[in-house]
Amino acid sequence: MVVQKKQDELVWKKRTTREQWINWFYWLIGISIVLFAWKIISDKTVWFFVQDAPRQAADIGSRMVPPKWSYSLELIKPVWDTINIATLGTVIAMIIAVPVAFCAARNTTPHSTVRIVALFIIVASRSVNSLIWALMLVFILGPGVLAGTVAIGLRSIGFCAKLIYESIEEIDANQVEAVKATGASNLQQMIYGIIPQVLPTIAGVGIYRWDINIRESTILGLVGAGGIGLQLNGSINTLAWTQVSTILLVILATVFVSEWVSAKVRGAII
Amino acid sequence: MLKLENLTKRYNTGDLALQGIDLRIPNGQVLALIGPSGAGKSTLIRCINRLVEPTNGSAILNEVNLTKLSSRALRKSRRKMGMIFQEYALVERLTVMENVLSGRLGYVGFWKSFLRRFPKKDVNEAFRLLDRVGLLEMADKRADELSGGQRQRVGICRALIQDPDLLLVDEPTASLDPKTSRQIMRLINELCQERGLTAIINIHDVLLAQMFSQRIVGLALGNIVYDGSPEGLTPEVLTKIYGEEDWSATIEKVDDEDEEV
Amino acid sequence: MNNVSKTLYPKNWKKPPFIKRSWLRWSIIIGSILYLIAALSSMDINIQRVLEGIPRGQRFIESFFPPNFSDNRGVVWEGILESIWMAIISTVAGIALSIPIGLGAARNLAPLWVYMTCRFIIAASRTFPEIILAIFAVKLFGFGPFAGFIALSLGTIGFFAKLLAEDIENSSPAQAEAVKATGANWFQWINYAIQPQVMPRMIGLSVYRLDINFRESAVVGIVGGGGIGATLNTAFSRYEFDTAAAILLVIIGIVMVLEYASSHLRKWVQ
């Protein structure tokens, strides 16, 4: 902020001229990057297809209605599989994520080397999308629900562990100190001083991730890892658009119900 | 007998919090530690049960040199030192009963404590203590449902169920209103008399210190600047501890209180 | 302290159960066990196949090492750069679209019909994972990064607009009222009362979304949406696992850098 005197008047400006120039300069850099990015993308685009897109969209849209309701009966098993992938995957992830989180939190880690390993596990798990995990696991475990479950599990470890270890680092140290002062061992300090404080977070994170996993597990079928994505992929490839719209509606309904359930459970726990 | 010999603490930041404290406290004495914020009161009592590691010197409780103990032996010795905290430091999401029983953690194995299977004697004692402080019906309430005064009573129970020889009390009244503060101090004092406990009480409030202790130690900048009876706290002494201020009001009020008690 | 008073107190104590109604507690426990049994038995795990998979998996993992950065280096870097450009442009476009939608989805700013419309757009965008959006985008716009760009931008709306709307709804009404009381018009009011309150968090979230979009760009490629995902998919289908490993490591590295940058940026903004 500056106040300048200009022709007997006080002029107030938010920034000095120099700051203003620097500010403009940053904007210039930002905008050039965006424009450059746009140029790269647009060079690789066949604009004829893009121009044709609205017509295509209308065409596909018209072929999608009415949804083939009878097909939804065939989707019961895939939906069941999808839910199982999400739920069991979340359970696996939480079982692994909690100890990893305790190793990653600054105040509970047994050793700083352990902490680095734990942080690497977290980053590696978070950086690789569940679809890529599934792609690799289908090679190892063969196509099916198992690969999908393990993929969801591996992907979720990092997410859950990160949120949990952040909350471990934020606990009230006084409560732990008080337990320590009674002569409690390290493990006892953990179960009496630390776990009660982070338990709500652990439960909340598990439910939150389950909700996300329901969504993620709907697509794993695209690479053969089980669930409703298998049907979606098949229907799109065979251009069975009425089936596609049915599947999309079923996914919508599943996600909606899972969101409702997770909100209810979270409300009950916290 | 608790003996502190040349107890020194220098923090990593370079601050010299304790500058060679020498102090002898006979069994059964209730001692109030007064002094301005940052004088090293909290550091002093934490150096005794080694929640803060002293840099130099020793603390000897009943012939055991606490500063030399291995971590296992230290845990054993901590069982004999009950501690009461400023912000209660209850584990808020555990029940009152669990908080009280957590005072026995040093005596109970891991799995027993994990499954909440405490010996019958301990449970019985916990109920007795809760009744003593008037919180028997609250046993199954969660600690965060209690008021400040009630929480501090639970904190007292947690310290006493350890069956301690020494009570370390850190600003027990700092977050309480004046009336509750007195009740809590009275309770601590009574319990110390009942059990013949030695106690070190850190306290901001000079008045409360005078009312409820037999001996007062004044700390300033990590040094003992006063050690004597509560009656010996003259304006000159208070100025030495806290710095220049008009102390007449504080002293006068003390006299009134003494007549009342 | 005498014997009489000792007998007055109970000698046993049990932690009160978390769920107080016992029928509910037991039905949840039994229900969960039954679900786990049903889910695991319907997983159809082919033990034979999994056992076969173990040596295969070992070979698979071995073939990842050492990661091959040198062959196909041009292709890998081209893919990575394309992903970065895609992530930048779709974050910018997505946020530009999210701001009006987010303002519209804040109940304290918008009239009911606007609110409902914007909330519907957000819900639709959130339900379907980016990959499903990408499948349709590829159908409409043809293979290449443009389809990926569209999918990621739409995905950004669901994320960013929702959080923006929530943040605005949680902003301090007192500040908003004070500015309104000066006689500011709607745009001035947004600019002076709402924007300063939500801005720091939104900048943090933009970087976070850039991070997500980069990671997602690695998967939209699998269905033809361009970027590093296309390169990764090619590497997998050609069994060039050492190249795939190199790509995954590069992704992990970039995500780490972005995460580090975003945490610093957030500190700097606040």
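The values are calculated or read from the model by the stated rules, or taken from the named source; none is laboratory data. Bear in mind the structure is a predicted one, so any value in this text is a computation, not a measurement. Heads up, the Cβs are rebuilt from the backbone with ideal geometry, glycines too, and the neighbour counts pull from every protein chain shown. SASA here: full protein model, heavy atoms, side chains in, ligands and nucleic acids out. Shrake-Rupley method; radii C 1.70, N 1.55, O 1.52, S 1.80 Å.
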Note to self: Can you compute the FRET efficiency between residue B:240 and residue B:10 using 1/(1 + (r/R0)^6), with r the Cβ-Cβ distance and R0 = 22 Å? Round to the nearest 0.05.
What the structure shows: 0.40
Next item on the list: Would you mind telling me which residue in A:198, A:145, A:50 has the biggest mean-square fluctuation in a Gaussian network model of chain A, where springs connect alpha carbons within a distance under 10 angstrom?
Entry: A:50
Checklist line | Carbon plus sulfur fraction of accessible area for region A:71-269, probe 1.4 Å, in percent | finding: 71 percent
Check: Just the accessible area per residue of the protein assembly as shown, please: how many Å² with a 1.4 Å probe?
Finding: 49 Å²
Next item on the list: Can you pull the one-decimal nm distance between simple spin-label points at residue A:11 and residue A:114, each 7 Å off the Cα toward Cβ?
Entry: 6.4 nm
Notebook entry, point to check: Once the other residues with Cβ under 10 Å from the Cβ of residue B:60 are scored (Lys, Arg +1; Asp, Glu -1), what is the net sum?
Noted result: +1
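What shape does the protein assembly as shown take by its C-alpha gyration tensor, where a ≥ b ≥ c are the square roots of the eigenvalues and a/c under 1.5 counts as rounded, a/b above b/c as prolate, and the rest as oblate? Numbers along the way, then the final one.
Working: a/c = 2.31, a/b = 1.73, b/c = 1.33.
Prolate, because a/c is 1.5 or more and a/b exceeds b/c.
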Notebook entry, point to check: Chains B and A: how much accessible area gets covered up at their contact, both sides added, probe 1.4 Å, in Å² to the nearest hundred?
Noted result: 2100 Å²
Notebook entry, point to check: Looking only at A:118, A:173, A:240, which one moves most when chain A is put into a Gaussian network model with springs between Cα atoms under 10 Å?
Noted result: A:173
Next item on the list: Could you pull the accessible area for residue C:78 with a 1.4 Å probe, rounded to 10 Å²?
Entry: 110 Å²
Notebook entry, point to check: Of the cross-linked pairs B:68/C:14; B:3/B:120; B:80/C:15; B:41/B:179, which ones have a Cα-Cα span greater than 29 Å in the structure shown?
Noted result: B:68/C:14; B:3/B:120
Note to self: If I compute solvent accessible area with a 1.4 Å probe over the protein chains, what percent of it on region C:77-269 is carbon and sulfur?
What the structure shows: 69 percent
Check: Accessible surface of residue A:195 in the full protein assembly, 1.4 angstrom probe, to the nearest 10 Å²?
Finding: 50 Å²
Next item on the list: Using a cut-off of 11 Å between beta-carbons, work out the net charge of the residues near residue B:95 (Lys and Arg +1, Asp and Glu -1, residue B:95 not included).
Entry: +1
Margin query: What FRET efficiency comes out for residue C:124 versus residue C:30 if R0 is 51 angstrom and r is the Cβ-Cβ distance? Round to the nearest 0.05.
Written below: 0.85
Next item on the list: Compare A:64, B:97 by solvent-accessible area with a 1.4 Å probe and give them largest first, with all protein chains kept in place.
Entry: A:64, B:97
Note to self: Report the C-A buried area as the accessible area lost on both sides summed, probe 1.4 Å, in Å² to the nearest 100.
What the structure shows: 5100 Å²
Item checked: Within a Gaussian network of chain C (alpha carbon springs, distance under 10 Å), most fluctuating of C:110, C:230, C:178 -> C:178
Next item on the list: On the full set of protein chains, 1.4 Å probe, figure out the accessible area of residue C:222 and give it in Å² to the nearest 10.
Entry: 30 Å²
Checklist line | Length gained when the stretch residue C:186-residue C:99 is fully extended (0.36 nm per residue, less Cα-Cα span) | finding: 29.8 nm
Margin query: How many Å² of accessible surface get buried when B and C come together, counting both sides, probe radius 1.4 Å, rounded to the nearest 100?
Written below: 1300 Å²
Checklist line | Estimated inter-spin distance, residue B:115 and residue B:22, nm [label 7 Å along Cα→Cβ] | finding: 5.4 nm
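Go through B:242, B:88 and list them by solvent-accessible area, largest first, probe radius 1.4 Å.
B:242, B:88
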Check: Going by a 1.4 Å probe on protein heavy atoms, which residues of region A:144-190 end up with at least 50 Å² less accessible surface in the whole assembly than in their chain alone?
Finding: A:146, A:175, A:177, A:178, A:180, A:181, A:182, A:183, A:188
Notebook entry, point to check: Using 1/(1 + (r/R0)^6) with R0 = 30 angstrom and r between the beta carbons of residue C:114 and residue A:256, what's the FRET efficiency to the nearest 0.05?
Noted result: 0.85
Check: Quick one: if you stick a label point 7 Å off each Cα along the C-beta vector at residue B:183 and residue B:147, how many nm between them?
Finding: 0.6 nm
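Keeping the other protein chains in place, figure out the carbon and sulfur percent of the accessible area of region B:189-251, with a 1.4 Å probe.
53 percent
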Item checked: Ranked order, C:260, B:226 - accessible area, probe 1.4 Å, largest first -> C:260, B:226
Next item on the list: Indicate the gyration tensor shape class of chain A (rounded, prolate or oblate), computed on the Cα atoms with a ≥ b ≥ c the square roots of the eigenvalues: a/c under 1.5 is rounded; otherwise a/b larger than b/c is prolate and the rest oblate.
Entry: oblate
Check: Roughly speaking, what is the stretch gain from residue B:193 to residue B:231, that is 0.36 nm per residue apart minus the C-alpha to C-alpha distance, in nm to one decimal?
Finding: 11.7 nm
